[in-house]
Structure formats: structure tokens, C-alpha cells
Amino acid sequence: MRRITSDTALAFTIPEPAFGPKIAIFGNEMLRCNALAVWVVLFGSLLPITAETFTIRSAPPIGRIEVRYFLTGVFGGYGGFIQDLDKDGAYSIPLQQDRKPAESLKAILYAPSCQFDILSLDLLSNPTRSATV
């Protein structure tokens, strides 16, 4: 019998025939591995994920555009609207919901005193992620 003690682990006894001295890894090394695994599980999901967007720009400045959109994917369906420009002067539609990517996008664009524009994209087969109206 061999007695194993550590400054951070409890003392316990391991029978020699069951575990050879190179196989039994307990104490500080095991605690480090467990701490790393817990850190990855808890904080790994908090890392920022760059969300893919569909960007709509207005070629001639025509004022405000209203954008109403509908996404479909493994999350089901999700609809929303955008009325404000982002920091780049464009309208950005997020192409994911609940961290799951969208498979299709349908949007209606409207500017006062102008006709409607309709977008319909299959996002899986079409790599286009921007439009100019």
C-alpha cells in the first residue's frame, strides 16, 4: 500500500497492484485539469460571436427606409423591423436567431413616396450579404 497526500487534496491510500505509480495522477495536477474544464464550460459560451448580417444601402440618399424582414431556419421563423441606420449608414439585418443561422430571408423595403422593394434570398445557396436600393 502506498499513501498519497497533497497540500490541496485529501490523503488517501491506493493499493499498489491496482494502480502503478505512473497511472495514478491525483492532487494538484487533477485539480488544475478540473479547474480548466470548469472554466471552459462556464466562460467559453460568453465569448463574443461575430454575427452575420445582411446589409442594405441606399444608392442615392432618399431619406428614411423602413425594412421589415422574416427569417427562417432551424429555430423556426422570426420576424422584425429596422428603422434606424447603423454606424456605417446602412440598415443591417441579423442573420441568426438564438445563435442559430438563418436559412432564408424575406424583406420588404419601403421609403415614403416610393414603391416597395421585395427581397427573397435562400441564404444557403446564395452568398450575397448586401443589397443597394
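No lab work stands behind these numbers, since they all come straight from the coordinates. This is a predicted model, so every value here is computed, not measured. Methodologically, a virtual Cβ is constructed for each residue, glycine included, from the backbone with ideal geometry; neighbour enumeration extends over all protein chains shown.
Placing dummy labels 7 Å off each Cα toward the beta-carbon, the span from V133 to T53 is 1.6 nm. Hey, with R₀ at 30 Å, roughly what FRET efficiency would D88 and S125 work out to, going by the Cβ-Cβ distance, to 0.05? It comes out at approximately 0.65.
As a calculated quantity, the FRET efficiency between S113 and F70 at R0 = 30 Å, using C-beta atoms, amounts to about 0.75.
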